[in-house]
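Visitor: Let me give you the structure first, and then I'll get to my questions.
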Amino acid sequence: MERKQMSPLEELRHSAAHVMAAAVLRIWPETKLDIGPPTDQGFYYDFDCPRRFTPEDLEKIESEMKKIIKENQTFERREVDRDEAIRFFEERNQPFKVSRVGDIPEGEPISFYQNGEFVDLCAGTHVRFTKQIKAFKLLSIAGAYHRGDEKNAQLQRIYGTAFPSRDELQQYLTQLEEAKKRDHRKIGREMGLFTFDTDQVGPGLPLWLPKGTAMVEELEKLAKETEFDAGYFRVRTPHLAKESLYLTSGHLPYYKDSMYPPMEFEEDEGGETVRYYLKAMNCPHHHKIFDAEPRSYRDLPLRLAEYGACYRYEKSGELMGLMRVRSMQMNDAHIYCSEEQFASEFRAVNEMYLKYFKIFGIEKYLMRLSTHDPEKLGQKYVDQPELWKKTEAMVRDVLVESGINFVEVPNEAAFYGPKIDVQVWSAIGREFTLATNQVDFAVPAQFGLEYTTRDNTKATPLCIHRAPLGTHERFIGFLIEHFAGDFPLWLAPEQVRVLPITDDQADYASEVHRQLRADGFRATLDHHKDAIGGKIRRGRLDRVPYLLIIGANEVEAGTVTVRSRLNGDEGQVSSGGFLDRIRSERTNRTMTVKL
C-alpha cells in the first residue's frame, strides 16, 4: 500500500473522514465500510447501511464525532500481512475492505490506522490526535456505486468538510450558500437555457433551448473571431469512425472505458464486419486532415480548429448538470508545428487563455502542469522517456518565461505527452477545471504524419492540443455560476425587453422592438396587460440586461426610459442613442454587470 505524505489540510480532512466512519459504526454497528478519502473541498466516506440516511442523521453523526474528538484519540499506524488483513475484515463482515486489500500489489506494505476502537485499511497519513480536528461540518448525502461501477452495489456517500479554524469553516459555508443560489442547474431551469430528458433522450445528454442556444452561438462566434485572427483554419469531422482510427491513435485501449460501446456493421464489400465508435475526441480526425495532402515546412505551423461534437460514456453517478455530460461540443484545435516553432505557438495559446479571462472577468487562475511517472512508461504512458523529459522541459520553460501562474503535478499527464489543466475561480471563489492544453509528441508519428523540411528531408511535427473555452456545456455551466445568470449584454440570451405602459404606446413600442431586432439584438416585446411595475419586476427576475420603458412622454419625445441591471433607472435617451450604445457594448464585449 503506497504511502503518500499528504498536506496538513489533507491530513486533517482524511482524519475527519475516519472519525466520521467511527461515529457511524458506533451508531449503526452493522454498517459496511468502503473508502473515505480527502478531496479538494473536504472529504467523504461510502457506507452500506440498512438505514437510509437522512439530514437529521447527519446531526446525530456530527454529535458522535464531537464525542470522539473530545476523547482525544491517537491515530496509530501498524503494518500487517495480507492474510491478517483479510482475516480481520472477514471476521468483522466488511466485504468491501476485503476487496480493497486485494487491490494492493504483492510486495507492498499493508497498513491499518486505528483511533480508539476504530480500525481502517489505510495508507495514511493522519493528524496525531482527534482533538486537532477543530472545525468540521457534514454537508450532504448522495448515492455512489462501489468502485464507481453501476454494476456494483449502490452505497450511501456522506460528504463533509474540515478546516484548521472555525473562521475558515464559516467562510467556506457562506461560500457554499452563495454557490447554491448560483447553481447552474437551478438558474438554467429558471432562465430556460437547457433541459434534460433522461427517459427518452438519456442521462447526461443536454437539450439546448433557444435561449441557451443563443449563448452557445455567442461563444462560438467569439472563438471563431479569435481563432481567425490567430491564423486558424476551421474544419469539420464526422461523429463516428472505424475502430482502426482509435487503435492507431492509441485511444483504444487507454480510453475505452470512457467511450460508448462499438456499433458493428457488415460492410457491403466482402461482408467483413467492421466496428465503429462514436467520436470521443477530435484529434485522430484532425491528424487525418493533416495527412490528406503533402505538407512542407512552409505550411507550418498549421492550426486546425473545430467545435466538434464528442461523446463520452461517463458513469451515471458522476453526471452533474452541464459540468459532467455525455455529449459535448469542444472548443478544440490542434497545432502542428516544428520543434523550433513550439515555444512561440505554446506561448500564443497561453495568451489566448489570458485574453478570454479578461473578457469574462476571471481574475484568479492557475495552470496545472501534469507530468509523467517514469515507472509507468509502457503502461499508462507512451514508452519514450527522452521525449517525455524534453517536452516537459519545453512546456515548463515557456510557462516560466511567460510569467504564467502554474504548479506541477506528477503522474497526471496524457498518455502521449505533458498536459496542462486550466483551473479558474468564479466570482465567489469557487474553483473549476475549465480546459486542457496538451503536448503530443507520440501520436503524429503513429499516424505517419510528416512534412518536408528546408533540407528536403522528412520530419514528424509536434502537435499541441488546446481548448481554451473547454466545452460549451462546462463553460456555460461555469459562466452561469460566475455571473449568477446576470450575463453581460453580448452574452445574455435576452438582451433587451421593451415595456409599453399601456396599449396606447403599442405602435411605438413595436417600432423600437423592430429596430432592435433589425440590428441583430435578441429583443422581446412585453405585451402583457399588467401594470408597468409588474413588467419591470418580471424583467428583473428574468435577468434581462436592459428594460426599455415606453409611456406617453417617450412616444412624444421619440425616446425610451432605460433601466439596466447594472445601474438601475438611467432616465430617458433617444432610441437611436440607446441603439448606438448597445452596439458598442456588443462589439467590444463590454462587461456590463458587477461581479
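Visitor: Determine the gain in length on full extension of the stretch D103-K67; use 0.36 nm per residue of separation and subtract their C-alpha separation, reporting nm with one decimal.
Guide: Details: separation 36, 0.36 × 36 = 12.96 nm, distance 3.33 nm.
Full extension of this stretch gives 9.6 nm more.
Visitor: Sticking with this structure for a sec: Starting from the Cα of K458, step 7 Å along the direction of its Cβ; do the same at E90; then give the gap between the two resulting points in nm.
Guide: Between K458 and E90, the simple spin-label model gives 5.9 nm.
Visitor: Sequence gap at least 6, Cα distance under 8 Å: using those rules, report the relative contact order of the range 8-181 to the nearest whole percent.
Guide: Dividing the mean separation by the residue count of the range 8-181 yields 28 percent.
Visitor: Something else about it: To the nearest 20 debye, what charge dipole does the chain have about its Cα centre, counting +1 at the Cβ of each Lys and Arg and -1 at the Cβ of each Asp and Glu?
Guide: The dipole magnitude comes to about 1460 debye.
Visitor: Follow-up question, since we're still on this one. How large is ³J(HN,Hα) for each residue in the range 439-449, as worked out from phi by the Karplus curve 6.51 cos²θ - 1.76 cosθ + 1.60 (θ = phi - 60°), to whole Hz, x for Gly and Pro?
Guide: Those phi angles translate into 10, 10, 9, 10, 5, x, 5, 5, 8, x, 6 Hz.
Visitor: Let me make sure I get this right: for the range 251-349, a, b and c are the square roots of the gyration tensor eigenvalues over alpha carbons, sorted descending. Under 1.5 in a/c it's rounded, otherwise prolate if a/b > b/c, else oblate. Which is it?
Guide: In terms of gyration-tensor shape, oblate.
Visitor: In the chain, which whole DSSP H runs stretch at least 24 Å along their own axis (Cα) and average -0.5 or higher on the Kyte-Doolittle scale?
Guide: What comes out of the filter, once short or polar helices are dropped, is 8-27, 342-359, 385-402.
Visitor: Around L247, with a cut-off of 14 angstrom between Cβ atoms, what is the net charge of the other residues, counting Lys and Arg +1 and Asp and Glu -1?
Guide: +3
Visitor: Here's something else I'd like to know. (1) 51, 39, 24; (2) 139, 27, 20; (3) 46, 37, 23: which one is semi-axes √(5λ) of the Cα gyration tensor in Å as calculated from this entry?
Guide: Correct label, based on the coordinates given: (3).
Visitor: Applying the Karplus parametrisation 6.51 cos²θ - 1.76 cosθ + 1.60 with θ = phi - 60° to the phi angles of the range 246-263, what ³J(HN,Hα) value in whole Hz is obtained for each residue in order, glycine and proline being reported as x?
Guide: 7, 6, 5, 6, x, 5, 9, x, 3, 10, 4, 5, 9, 9, 5, x, x, 9
Visitor: A further question follows. With +1 on each Lys and Arg Cβ and -1 on each Asp and Glu Cβ, and nothing else charged, work out how big the dipole of the range 1-151 is about its Cα centre, in Debye to the nearest 20.
Guide: 580 debye
Visitor: Return a whole-number percent for the relative contact order of the chain, with Cα pairs under 8 Å and 6 or more residues apart as the contact set.
Guide: 10 percent
Visitor: Note down the magnitude of the dipole of the range 496-588 about its Cα centre, charges +1 on Lys and Arg C-beta and -1 on Asp and Glu C-beta and zero elsewhere, to the nearest 20 debye.
Guide: Dipole magnitude for the range 496-588 comes out near 580 debye.
Visitor: Once a ≥ b ≥ c are taken as the square roots of the eigenvalues of the Cα gyration tensor of the range 120-183, is the result rounded (a/c under 1.5), prolate (a/b larger than b/c) or oblate (a/b not larger than b/c)? Show your work: numbers first, answer last.
Guide: Details: a/c = 3.37, a/b = 1.19, b/c = 2.84.
The shape class here is oblate.
Visitor: Quickly estimate the mean residue ellipticity at 222 nm for the chain, helices only: each DSSP H run with n ≥ 4 gives -39500 (n - 2.57), and the total goes over all residues, rounded to 500. Mind dumping the intermediate values first?
Guide: Details: 18 runs with 211 residues, N = 595.
Helix contribution divided over all residues of the chain: -11000 deg cm²/dmol.
Visitor: Would you mind pulling out the separation of the Cα centroids of the range 567-587 and the range 231-274, in Å?
Guide: Using only Cα atoms to place each centre, the spacing works out to 51 Å.
Visitor: Which net charge results for the neighbourhood of Q170, defined as the other residues with beta-carbon distances under 14 angstrom from its beta-carbon, given Lys and Arg at +1 and Asp and Glu at -1?
Guide: Every neighbour counted, the sum reads -1.
Visitor: Can I ask one more? Specify whether the C-alpha gyration tensor of the range 501-577 places it in the rounded, prolate or oblate class, a ≥ b ≥ c being the square roots of the eigenvalues: rounded for a/c under 1.5, otherwise prolate if a/b is larger than b/c and oblate if not.
Guide: It comes out rounded by the Cα gyration axes.
Visitor: If Lys and Arg each add +1 and Asp and Glu each add -1, what is the summed charge of the other residues whose beta carbon sits under 14 Å from the beta carbon of S258? Before the final figure, lay out each step's value.
Guide: On the way: positive: K256, K279, R312, K315, R324, R326; negative: D149, D257, E314, E318.
Summing Lys and Arg as +1 and Asp and Glu as -1 gives +2.
Visitor: Now for a different question. Can you give the % of DSSP beta bridges in the chain that are antiparallel, to the nearest 5? Show your work: numbers first, answer last.
Guide: Numbers: 84 of 100 bridges.
Counting only bridges with both partners in the chain, antiparallel ones make up about 85 percent.
The numbers here are math on the coordinates, done by the rules we state, and not lab data. Bear in mind the structure is a predicted one, so any value in this text is a computation, not a measurement. All Cβ positions, even for glycine, are placed from backbone atoms using ideal geometry, and neighbour counts span all protein chains on display.
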